[in-house]
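What follows is calculated from the coordinates using simple rules that are stated; it is not laboratory data. Here the structure is a predicted model, which means the values were calculated and not measured. We place every Cβ from the backbone using ideal geometry, glycine too, and count neighbours over all the protein chains shown.
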Amino acid sequence: MSKGFEIPDKVIYVCTGSKCKKKGGKELAKLFRSMIKDMGLKNTVEVIKTDCTDRCDFAPVMSMQPANAWLHHVNEQQARQAFQEHILDSDKK
């Protein structure tokens with residue numbers, strides 16, 4: 001029998017459709033997974049790579065839930081800042 005179905009407290013959706021992938025979406029997903037692992041948040045935060053979000057002009061696109069924060073044209077520095085604000089600091093509010 002498999003483990004129970006666990007629901008994370010927070011989810012980061014990263015578009016890896018063709019344009020987002022070309023503009024760094026796949027690397028952003030890897031960055032977030034690495035940060036989650038390094039900070040011991042594996043059981044509370046999950047990264048989900050999505051297919052095209054139909055926002056190709058704004059690639060790469062991502063969303064952080066439950067904050068409903070949508071970001072576009074994201075680079076590594078912006079991704080780290082968003083992680084700090086919407087994942088780490090949101091618990092302090």
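Of all DSSP beta bridges confined to the stretch 10-92, the antiparallel ones make up roughly 55%. Relative to the dominant Cα principal axis of the chain, helix 25-38 is inclined by about 20°. If the chain linking Ser18 and Ala67 were pulled fully straight, counting 0.36 nm for each residue of separation and taking away their Cα-Cα distance, it would gain 15.1 nm. Ordering 15-25, 53-63, 33-43 by mean Cβ neighbour count within 10 Å, with the highest value first, yields 15-25, 53-63, 33-43. The gain in end-to-end length when the Lys42 to Leu88 segment is fully stretched comes to 15.3 nm, 0.36 nm per residue minus the alpha carbon separation.
Charges at C-beta only: +1 for Lys and Arg, -1 for Asp and Glu. How large is the resulting dipole of the chain about its Cα centre, in Debye rounded to 20? List each step's numbers first, then the result.
Values: 16 positive and 12 negative charges, 62 e Å.
Charge dipole, the chain, about its Cα centre: 300 debye, nearest 20.
Here is the short version for the chain: Cys52, Cys56 have no other Cys C-beta closer than 4.7 Å.
Rg and Dmax of the stretch 10-92, based on Cα coordinates, read 11.7, 36 Å. Note on Ile7 and Cys56: their simple-model spin labels are 3.5 nm apart, each label 7 Å out from Cα toward Cβ.
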